[in-house]
Amino acid sequence: MASLRGRRPQRQVGEQEIRRAGRLSTSDVHDRYDGVADVVYDGRELAPINQSTRRAKLRKLREYDLVTYTGGENRHGEYLAADSDVESELDITLRVTTDA
């Protein structure tokens, strides 16, 4: 099975969340990243990345054929994992909140 081992968390978080969901809209990728960032970066010297940098990381994931994107170059498309068998070494727990 392929692994994301050795990649920095900034490159693993978005891809792992896309893989877990199977398909995510651009805004959902950002929402999920924000939802797990505190957990992922806790105790690390790295800090969470902003949306602009995330977009650049997502473009790189597309260039490396790790994710595919539907929707051309606009922000209304969806990301899909290119290989569902790739595993991350990060233990990411998504915090789900509901409006009361």
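Suppose we filter segment 57-67 for residues that are surrounded by 11 or more Cβ atoms within 10 Å (Cβ to Cβ) and without any contact (Cβ under 8 Å) to a residue 40 or more places away in the chain; how many remain? Count: 3. What number of residues within segment 12-63 satisfy the criterion of being among the aliphatic types (A, V, I, L, M) and farther than 16 Å from Ala81 by Cβ? So the answer is 8. The set of residues in segment 18-45 being β-branched (Val, Ile, Thr) and touching a helix residue (DSSP H, G or I) at 6+ places or on another chain (Cβ under 6 Å) consists of Val29, Val40.
Every number in this text was worked out from the coordinates using simple rules, so none of it is lab data. Keep in mind that what you see is a predicted model, and the values were worked out from it rather than measured. As a convention, Cβ positions derive from the backbone with ideal geometry for all residues, glycine included, and neighbour counts pool all protein chains shown.
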